[in-house]
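Rule-based calculations on the coordinates, nothing more; no lab input. Everything quoted here is computed from the prediction, not taken from an experiment. Cβ atoms come from the backbone with ideal geometry, glycine included; neighbour counts cover every protein chain shown.
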Amino acid sequence: MTYLKPKKSLGQHFLKDENIAKKIVGSLSKESVNVFEIGPGTGVLTKYLIAEPDLNVLFIETDSDAVEFLKNKFPENVSQIIHADFLKLNINNFFCGNFSIIGNFPYNISSQIFFKILEQKEHVNEVVCMIQKEVAERISSPPGTKKYGILSVLLQAYFDIEYLFTVNETVFFPPPKVKSAVIRLKRNETSSLDCDEKIFFKVVKAAFNQRRKTLRNSLKNFNIDKEKTGAELLSKRAEQLYVKDFVFLVKSIING
């Protein structure tokens, strides 16, 4: 197979700009050794990852046509190509120790990929990815902005996030209708939150699902100790809270 046709059903937009591909791969820190590439597609990032002698890389691709294309393009690296859905894969079966993740994430499942990364956060050192610009801005936004949301809080709890650069539509085939951006997530020093993490996730989601309401109303289904929490905090909206504020809220839940 010498040509790979992008599939709309898989949200495939193939990067064709070599300079941007080099820049994305170059954004991986020197500490990265074991690396997963998610959705290599035509292999535009793959060839630069293979060229890095210090990287031990596995390529996860769900599209059978893309897998065939990659095997033909990189015959010496066939054993590194995994035909699987990243969202359903037990990625702990492949590397001993921690790993990094890189890729041009499909727009339609990028949030699901991040939730999968959160499930494996204790093993993920770093993520370098290209995603929809709007999602990148949301994830990297600080509290107090309208773009700050569920993924912002959950990811910023465990990762330091950098918005690296914007990517125009014209460098893809087919060109998407929106701009893209590359961000880098580096695992921070928080091994675990000082609260029940399952309840933390529920509280964050509940607060942002009714983000126009104050916490007093959006979290009314949680048995929060209002005296301990204080009226000032409960009068705020979700977008005004830092990670530490959500942790404090969770610790204020009675019988949590």
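Rounded to the nearest 10 degrees, the inclination of helix 64-73 to the longest alpha-carbon principal axis of the chain is 50 degrees.
Length gained on full extension, residue 198 to residue 178, computed as 0.36 nm times the residue gap minus the Cα-Cα distance: 3.8 nm. Within the chain, antiparallel bridges make up roughly 50 percent of the DSSP beta bridges whose residues both belong there.
Listing 129, 96, 195 from fewest to most neighbouring C-beta atoms within 10 Å gives 96, 195, 129.
Can you spot the lysines whose alpha carbon is less than 28 Å from residue 8's alpha carbon? Ignore those fewer than 8 places along the same chain. The reachable lysines, counting only those whose Cα sits under 28 Å from residue 8, are 16, 22, 23, 47, 71, 73, 88, 116, 133, 147, 177, 179. By the beta-carbon count within 10 Å of each Cβ, the least crowded to most crowded order of 173, 159, 201, fewest first, is 173, 201, 159.
Computed from phi, the 3J(HN,Hα) profile of region 15-22 under the Karplus parametrisation 6.51, -1.76, 1.60 (θ = phi - 60°) reads 5, 10, 8, 5, 5, 5, 4, 4 Hz, with x in place of Gly and Pro. Among 166, 46, 145, the largest mean-square fluctuation in a Gaussian network model of the chain (Cα springs under 10 Å) belongs to 145. Note on the chain: GNM, Cα springs under 10 Å; of 98, 221, 34, the largest mean-square fluctuation is that of 221. Counting lysine pairs in region 197-251 whose alpha carbons fall under 14 angstrom apart, excluding pairs fewer than 8 residues apart on the same chain, gives 10. Shown here for region 187-255: GluC sites (Glu not before Pro) in loop regions (DSSP other than H, G, I, E, B) with at most 13 other Cβ atoms within 10 Å, namely 189.
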